[in-house]
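Okay, so here's the structure we're looking at.
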Amino acid sequence: MSRLSLLPQDVVVLAKLLLYARPRPSLVRMAIDLFLSASQVHAALIRLAASRLVFNDARDSRPNHRAAEEFLVHGVKYAFPAIRGAVTRGMLTSYAAPPLNRQISGGTDLPPVWPLASGVDRGVALTPLHKMVPLAAGADPGLYELLALIDALRDGRARERNLAEQEIIERVRRPRHA
């Protein structure tokens, strides 16, 4: 009997799935949006369904909003803890990115960034959930904000985590219309 364990990229697929209106687009469209292969997206959806984070029917994978909210708010930080690295150029994340950057001042500390050669911000590297996160986030502001909020839960201090939790709950519960 084989066990399916979630991978960090599955969190990225789940985040994107939460942003789509119903019905979700094709696997190929999702793959293009996430800078992943269609087979990676398909495998992620299988693992997410096995974890009961999405419902699968014959033509669609739709998020289990209640389970997704619980997992994003309480589980991701334990399953995929943040890994900090050296000072680098990259793309702002966590409290330094929208929407939290409008509520939190970073002070004198260098901000967390996803390493990105073409990045314009200098900060402390925070390894993204998947190496393609900066590209996918750069192409979709909603995905960027949701992944930055997830990073605030993975790496932030108490105030940052509390604000990120509230924002994630609001976004997961927000209805999506086709």
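Structural remarks
- For the chain, the Rg and Dmax computed from alpha carbons only, in angstrom: 15.7, 52
- Spacing of the two label points (7 Å from each Cα toward its C-beta) at TYR78 and ILE46, in nm: 2.7 nm
- Based on the convex hull around the alpha carbon atoms, segment 1-99 presents an average projected area of 8.1 nm².
- 3J(HN,Hα) from dihedral phi, segment 30-40, Karplus parametrisation 6.51/-1.76/1.60, rounded to Hz, x for glycine, proline: 4, 4, 4, 4, 9, 6, 10, 8, 4, 5, 5
- Rg(Cα)/(2.2 N^0.38 Å) for segment 80-178, N = residue count: 1.02
- Entry note, the chain: the mean residue ellipticity at 222 nm calculated from DSSP H runs of n ≥ 4, each adding -39500 (n - 2.57), is -13500 deg cm²/dmol after division by the residues and rounding to the nearest 500.
- Each of SER5, LEU147, PRO112 was placed along the dipole of the chain (beta-carbon charges, centred on the mean Cα), and the one lying farthest toward the positive end is SER5.
- Among 117-124, 101-108, sorting by the average number of other beta carbon atoms lying within 10 angstrom of each residue, highest first, gives 117-124, 101-108.
- Calculated FRET efficiency, ALA38 to ALA117, Cβ-Cβ distance, R0 = 25 Å: about 0.45 to the nearest 0.05.
- Between GLU70 and ARG29, the contour length at 0.36 nm per residue exceeds the Cα-Cα span by 12.1 nm.
- Where trypsin sites (Lys or Arg not before Pro) fall in DSSP loop in segment 1-89, at most 15 other Cβ within 10 Å: ARG3, ARG52, ARG59
Every read-out reported here was derived from the displayed coordinates using simple, explicitly stated rules and does not represent laboratory data. Just so you know, these numbers come straight off a predicted model, no measurement behind them. Heads up, the Cβs are rebuilt from the backbone with ideal geometry, glycines too, and the neighbour counts pull from every protein chain shown.
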